[in-house]
Each structure stands twice: as structure tokens, then as C-alpha cells.
1. Go through region A:285-299 and count every residue that is among the β-branched types (Val, Ile, Thr) and open to solvent by less than 20 Å² (accessible area, probe 1.4 Å).
2. Do the conditions hold for residue A:234, that is, is it away from the ligand (no atom under 16 Å from the Cβ) and modelled with pLDDT of 95 or more?
3. Inspect all residues belonging to region A:64-78 and state whether any of them is more than 14 Å from chain B (Cβ to nearest Cβ), closer than 20 Å to residue A:171 by Cβ, more than 16 Å from the ligand (Cβ to nearest atom) and surrounded by 12 or more Cβ atoms within 10 Å (Cβ to Cβ).
4. So which residues in region A:432-462 are closer than 23 Å to residue A:227 by Cα and in contact (Cβ under 8 Å) with a residue 60 or more places away in the chain, if there are any at all?
5. Could we say that residue A:264 is open to solvent by less than 40 Å² (accessible area, probe 1.4 Å), in a loop (DSSP other than H, G, I, E, B) and in the same structural domain as residue A:197 (by TED's automatic domain parsing) here?
6. Would a scan of region B:29-52 turn up a residue that is part of a loop (DSSP other than H, G, I, E, B), open to solvent by 50 Å² or more (accessible area, probe 1.4 Å), more than 17 Å from residue B:321 (Cα to Cα) and among the small types (Gly, Ala, Ser)?
7. With the requirement that a residue be touching a Lys or Arg at 6+ places or on another chain (Cβ under 8 Å) and either within 14 Å of another protein chain (Cβ to nearest Cβ) or free of Cβ contacts under 8 Å to residues at least 12 places away in the same chain (or both), what does region B:14-41 give you?
Amino acid sequence: MATHNYDYDVLVLGGGPGGYVAAIRAAQLGLKTAVVERENLGGVCLNWGCIPTKALIHNAEVLETLHDAADFGFGFENLTVDFSKAVSRSRGIVDRQTKGVAFLMKKNKIDVINGHGVFVNSHSIRVGGSEYAEVKEERTVSAANIILATGARAASLPGVEIDGDRVIQYRDALVLENLPKKLVVVGSGAIGMEFSYVYNTYGVDVTIVEMMETVLPLEDAEVCAEVEKSFKKAGIRLLTGTRTEQVEKTDAGVTVTVKNVKSGETETIEADKVLMAIGIRPNTDKLGLHATGVDTDKRGFVGIDEVMRTNVAHIFAIGDCTGKLALAHVASAQGIVAAETIAGVETMPIPAERYRFLPRCTYCQPQVASMGLTEAQAKAEGHDIKVGKFPFMPNGKAQALGARTGFVKLISDAKYGEILGAHIVGPDATELLPEISLAQMMEITPAEIARNVHAHPTLGEVLMEAAHAVEGHPIHM
Amino acid sequence: MPTPIKMPQLGETVVEGTVSRWLKQPGERVERQEIVLEISTDKIDTEIPAPAAGTLLQITASEGQTVRVGTVIGYIGAPGEAVVTEQPSVGTEQSPVTSEQSPVPNPQSPIPNPQSPIPKPTGREFVSPVVARMAAEHSLDLDSITGTGLHGRVTKKDVENFLGTGDKGLETGKTTPSPQSPVPTLQSLTPMRRAIAEHMERSVRTSPHVMALFEADMTAVVRHREAHKAAYAAKGIDLTFTPYFVAAVAEALRANPQVNSSFTAEGLLLHPRIHVGIAVAVPDGLLVPVIRDADELNLAGLSRAVNDLAERARANKLSPDELQGGTFTVTNHGVSGSLLGTPIINQPQAGILGIGKIEKRPVVRSGGHPLLPSADDAIVIRPMCYLSFSFDHRILDGAEADGFVGRVVQVLENWG
Ligand SMILES: Cc1cc2nc3c(=O)[nH]c(=O)nc-3n(C[C@H](O)[C@H](O)[C@H](O)COP(=O)(O)OP(=O)(O)OC[C@H]3O[C@@H](n4cnc5c(N)ncnc54)[C@H](O)[C@@H]3O)c2cc1C
């Protein structure tokens, strides 16, 4: 079928949600495809990210409900809580999910090549052993097109070494054998917030240290305030506007020195463990990229255009290694565009300005889901806006669920009604976002959302009310 | 197997090239590295050497044809060797495509598969509420707008582009001969013209431009230049005024880092290095070659760089990467006689400095009160020059901008 002499039409380096999805789409389009993976299919997402965290979070949610059991008319003489069961349940789910990916590879006749890939030249990759797994026999594979989907790993503060025992990262935090008494979480992005929620619910004394003024610094200010209120009420200590100066291991645990950015006051916190959740570093350093001429920025992220092409025409890059928006669904969406571009079929490019309209989710309680601009950003960019906000509190379904916090906030362009931002905090926020993101993509405005009849009673009615509020006429207010 | 000749990647941002001339015809013998054709891109014209020795077997992109980077434009092989191009396999809907042959899609829009063109959906053209409202307000006929959304849907961006560019569906790129005389003729756009048009339009749309006008007394610079011209010439350097301005700008940029920046939604991107672009007029347009780390060069170094870049720009011998990465631009429009210009920012930079013609003008100098009439006032004749600084008001405010140009003036007036 091919007029080239390479082994494959497409070789995908990395089998995470970016890579395996790109491979499936390429295979569907009739391209001869292989995936090189050094660890486990499914990447960070299935093995160490999205999936296992959501399993632990659900455990915490059940536990939280049990804590409130009296409200529902239940009483427990002797509630036993076994965290190791939560971990083993989480790992069991991971196992089933990765097997599912392996099945999809087989079904689509995609070759899975185990091992760590290093470029020999811009069309060939040598696959061999690595710190993750040994490989019996090294081999070199070549392809007409290559998709980089090597993902990223946890970053640490300069001079702070993650030892997996007292200074830990997300991989360690997912499989703790014993619960620490006291945990310091550095960084309050999605990962820091999710683990804080889980461990606090399981009775760990949690302190979050965040350098920016609020937790979840990328979210709308009102959303941040709502989450902060809930976290404080749950007993989590929040040190925002605070920089982590030093992390020292002691006999008993760790000593974390922090400094308030404004006042300059320092404080030392003694804890059993500290979780580094300050961001990611791309896996582009041990790849032999120099043999290809592919450009990265100073931090190592690969530059791409709107069809995921790097500066080398036959090499594409997707997912966390591109540093656009480090989320699994973004990696998958990029993978589909890359595969379709290689096959030469119709695709929907993702230009740089599109990324901020892609969904962003944080799964702690209360959940946070958003897309587009925050109110402050919209104003700063000079948009003439209308804002509609509606709380979950009056909603019948929310009350039935026992949810008391949260709201939906919609921001639209005052003139043509284009949705500029959506911010949801509260019950099942992440499940409510797709309606808005579809509307935004299709340029549907709050006026139509308000008139789209939503079933009663559902949480989605709050969305409809927020849309009414943009138009100036919320009903249940 | 025949070796394909491909449209090369001539720099990061170049996505396509036009075949200007084949120097060899099919059947002719070529040596490896021998020039076989000339191509032009929106930035540059260049020659393409043969990737292998042999016979030019086939030309697949003829003169005048524009193709994407990576596309095969010809084949070299043994005399008489057959060129195997891919046949779409019968019966399969999507025939697999490989990089060698892949029809390289246009990244700006949904990419139709050349082998199975997507039929234009009829009767179910979706017009979004936002687009409908915009169309109503501007009384637009949506059929005249090219849609870039999935299945050709017209998006808000398409309407904005349509309104912004006034693209009325005119077919450009062809010269329509006037059948009955007094009809305007359409002159086709060169790639460079098109690139300049696109860039200027985008810049004006992106940055709220504000201009600050300063005047510099060039006596010190003229004196210095007169004193050193001969010595420079002996070293093979043509000492012009431009390097003085670049030197003054580099120093002022170092003192005002926010002028050496780019606006992004996330914040101001302050560039750690100072790369100054200089606008050079070339036969069919304008190029802006970049002097890298201009702040690390002395006057001689800057002069050499200016000479070399300007010369090669006019001879069309710059590499595309020499035209990229500038953090600030200087345009010496005075060389063609204008006293004052209002330059448009070279995106994504924060500003551009226009330099007017240096000419002798009467100016007032005073040893007395700066503003009140005084016996020490005198009208003198000095070589004067207007410096017009267009800046992005999202990044800079008047006071900061003035601080920057004031520093440039100060360096020029105190030269030596
Ligand atoms: C704790 C945590 C929770 C998260 N929760 C969410 C969430 O709820 N929702 C969400 O959308 N995102 C979440 N994310 C982010 C998400 O996991 C990533 O965005 C996603 O995994 C990125 O996918 P990817 O394909 O780019 O890379 P990865 O998933 O990192 O996969 C890259 C793969 O490439 C392999 N690899 C790397 N280099 C080589 C090489 N040289 N040779 C061979 N193989 C190689 C790696 O072993 C890995 O399997 C979470 C992340 C973390 C850490």
C-alpha cells in the first residue's frame, strides 16, 4: 500500500490518551500504525492520573456521605475505614482500563512495541530498555510519519528532590500504604486540590501552600472563593499568597518553610509528608530529539501548529509534551487532528486561540468545571460582556442530593451573545459542562440555552437559569 | 527507486512555496547538488539543488504552481526508470496515504481528502445564532463568505475576516485581461505582497497603535560619521546612519525592557535578548532582516551587520531564519525622503521606530529660561531628524513610550 520503504505509515511514540487515540484514528483511516510504549498503555491518565484519582475521590465522596449519615437517617456504631481498600479498588480499575486499551490496539491491528524509543534520525526510532522496563532485544523501527506523544512527569521545586517517601509526587500519593497524620500539599492546581480533598476526608491534617492569591489560580475569582470556603469548612488549612521556601527532611518527617509573599512573614510547618503538585515537565529530554531537528521551547515543550505539525513536516506532537493544556481530552483531540492530517482527510484544526475554550475540570468536592475566559480576563481583553449567575441552592435536585454550595456563571458578549466563558462550581459540575462547550463551539448563545427545555428536576436546570440570568430574567430568583 | 525532489522547509513559518523556474527539463542529466530549479516563498526566493545524481525523470509541479512544504515536485532516477506514483486502490473508500505522497492539507481549514472530496452538504447549512446576528446587522449574504468550519460552516471568525478584509469573493492571483477597455485590471499579488498585506492588516487589528513623535539633533552623530567614514571605508564598511539608530535603540531597549516584549493573553512576554529588525526596501516589497543581539555589537559590528543584511536582502540572498525572531523594528523611511512616518508594528513586537529624513532646520537654542523670551535665545541651523515611535497601547502607555524614545534621542545627541 505504501510507496515508501519505511516499516510504518505512522509511528506513535507514547501510548497515553494522546498516543493511543491518535493510533486508533490513524488505523481507522487505513494507515499502517504502531505505538511505542515504555511503561503501560494508557499513559499517565489511565495509570497514574485521571482514572485512579477519580476512583479515590469517589471513595472519599462516599466516606463524606457516611460522615453526614445522620442527615439521611443512618447511624453507624462502628464505621470502619480501610484506606488500603480504596487504593486496591483504584488499582483494580486501572488494570481493567489498560487491558481495554490493549484490546483496542489489537482490534485495530495496531502493533504495540514495548520499550523506550530514541530517535536515530527523523524517520527512525531505536526501541530499547529504560528505567521503567527492560527489553530483551533492541530494535529500530522506521515510519513515514511520527507522532510524539511522550507526555510529561511531575516537576519539583529547584533543590527539592522527590524521594517517594517523605517528599512525594502524584504517583506516590496514589499508592500510599499508610495514611500520614499530617500532609503539606505544595500547589493548588487540579492535582493538589484533588489529593487534598481525598486525604482530608480520610482524616489527614492537610495544609495547602499556594503562591498565587487564590487556590485554583486559573479559575474565575468567584469560583476560587467558593472552593476556598468549602475547603476551609472541611478543615483544610489554606496558605495562599505563600511561597514554599525550603523543604527539609527530618528524622520524623519533613519541615517545610513558607513565606507570605506580601507580609514577608515566614513559618515552618512540620509534617509527615509533602506532596509536590506544582506542575509538569515534558518528557522530551531523553528522546534524541536533536537527531530530528524538532524545535522545543526553553522548558522542553514541542512547538506545533494548528494541525499538530512540528517544524519538521512529517513529525507531529500531541498531548502534555506540547504544553498547551495538559489534560487528557486535549491530548486525545490533538491526536485525532494529527492522524486525520496525516491521512489527508477532513479534520478540524485546533488553532492556538482555541485551547482556552476547551474544558478544564477539577474533581474535588465541590467540583469545578470551566471553559473560556474568566470575568476578569474578559474585561481585561476589552469585551463588552453580560454575566449571568445562578446558585445550585434553590434547585430541587441539588437539595435532594444534599448539595448546598456552588453556582453556574455564564459570560457572554453583550452584542452578539457569543459565549465567552462558563464557570461551574458545585455538584456534578464536570458533567454539566459539555452542554455549554458544544453551544460555544456552535456559536449558540445564552438566549437559545435558556429556551432549550431542560428536564425537571435536574442539575442542568441551573445552567438554564444562568442563561436566563444573562438575558436578565432568571425565573427562580 | 527514483529520488523525489521535495519543496523544502525554508524556515519555521514557511508553509508553501511557488515553483518559479525549472533549470532542467525531464530527460536531462543532473549532478548531485546541481541547481535544478528556483522557487519563491512569501519571504524569499531560492535555488534548489538536486538531492541525487541521475536523470530528471519527471516534473510534478510546473512553473507557477504553489505547493505545500514537503510536497514532491519532481523525480530523479536512472534514465528510463519508471516513476511509481500511488494509485488509489479501487473499492476502498479511504486509500491510505503516506508522507511521501500525502496530499499536504491546508492547515487553515478543514482538510478535504483529495481522493474523496466531501460533498458540500446541501439544504442543511447550519447558520449559528451568532453568525445570523452578525449577518443581519451588516446585511451580509452568507453565500459569499467562505466557511472554514466543519463541512464548510461559516463561523464567527469567517464573518470577522470577511468584514475585516472586505473580501468580496474576488478571485485574485489571476490577471483578468480587460475585454472592453476601460475596466480596471486586476494585478495578481506576489507571495510577498500577500504576506505584507496579511501582516499589516493583522497588526492593525491586533494592536491599538499610538504614535509618539520626537525630534533629535543629529549634530553629534553627523560629526562622528564624517570623522570616521573614511576609516570605516578602508575596512570595507559603508558607514551609514542606520547603525547609529540601531545602537541607540538597543541601548534604550536595555534600559526599558517592557519595550522589548510581546503581548500575550497570559501576560507580557519580556524578551531576554535584543534582536533588532531593520526594514529594507526590495524591488517588489519590503523585508525586515534581523540583527541578533544588537546590544552586544559596537558601531563597527552593527555597520557590518546592516551592510551585509541590506545587501543580501536586495540580492534576495537571505535565509528565512534571518527574517525571523526580531524583538523590535527600526524603519529608516527617511532614506526615501519622508520627514515623518506612522509605521505599523511588526507583530508580535511592542513597537516600531520610524526615522525621518535628516535635514538642516532652524531650531531655537537658549542659554536662558527654557520657555520665557530671553536675550540668550538664538535661532541656529542644525541637522534635525523626526523619530516617530508607534507602540502597542496594550503594552505601553505614553509616559513609558516617551521614556524609551527620550533615551534614544539622548544617546544620539550625546554621541561620541
Ligand atoms: C494526578 C493526576 C490527575 C489527573 N487528572 C486528570 C483528569 O481528571 N482529567 C484530565 O483530563 N487530565 C488529568 N490529568 C492529566 C492527564 O493525565 C494528562 O494530560 C494526559 O495523561 C496526557 O496524555 P499524553 O498522551 O500527552 O501523555 P501521557 O499520558 O503522559 O502518556 C505518555 C506515554 O508515553 C510514554 N513514553 C514517554 N516517553 C517515551 C519514550 N521515549 N518511548 C516510549 N514511551 C514513552 C510514557 O510511558 C507514557 O505512557 C491528570 C494528571 C495527573 C498527574
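The values are calculated or read from the model by the stated rules, or taken from the named source; none is laboratory data. Predicted model only: the values in this text are computed from it and were never measured. Note: ideal-geometry Cβ built from the backbone for every residue, glycine included; neighbour counts use all protein chains shown. Each accessible area value is taken on the protein alone, full model and side chains, heavy atoms only, with ligands, DNA and RNA left out. Shrake-Rupley method; radii C 1.70, N 1.55, O 1.52, S 1.80 Å.
1. Let us first name the residues in region A:285-299 that are among the β-branched types (Val, Ile, Thr), namely A:292, A:294, A:296.
Then drop every residue that is not open to solvent by less than 20 Å² (accessible area, probe 1.4 Å), which leaves A:292, A:294.
Residues in region A:285-299 being among the β-branched types (Val, Ile, Thr) and open to solvent by less than 20 Å² (accessible area, probe 1.4 Å): 2 in total.
2. yes
3. No, region A:64-78 has no match at all.
4. Filtering region A:432-462 for residues closer than 23 Å to residue A:227 by Cα gives A:432-437, A:458-462.
Those that are closer than 23 Å to residue A:227 by Cα and in contact (Cβ under 8 Å) with a residue 60 or more places away in the chain: A:432, A:433, A:434, A:436, A:437, A:458, A:459, A:461, A:462.
5. yes
6. Taking every residue of region B:29-52 in turn, none turns out to be part of a loop (DSSP other than H, G, I, E, B), open to solvent by 50 Å² or more (accessible area, probe 1.4 Å), more than 17 Å from residue B:321 (Cα to Cα) and among the small types (Gly, Ala, Ser).
7. Of everything in region B:14-41, those that are touching a Lys or Arg at 6+ places or on another chain (Cβ under 8 Å) and either within 14 Å of another protein chain (Cβ to nearest Cβ) or free of Cβ contacts under 8 Å to residues at least 12 places away in the same chain (or both) turn out to be B:14, B:15, B:16.
Condition check ((1) open to solvent by 10 Å² or more (accessible area, probe 1.4 Å); (2) assigned by TED's automatic domain parsing to the domain that holds residue A:125; (3) assigned to a strand (DSSP E or B); (4) within 15 Å of the ligand (Cβ to nearest atom)) across all residues:
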site	(1), (2), (3), (4)
A:306	yes, yes, no, no
A:312	yes, yes, no, no
A:321	no, yes, no, yes
A:326	yes, yes, no, yes
A:330	no, yes, no, yes
A:333	yes, yes, no, yes
A:336	yes, yes, no, yes
A:341	no, yes, no, no
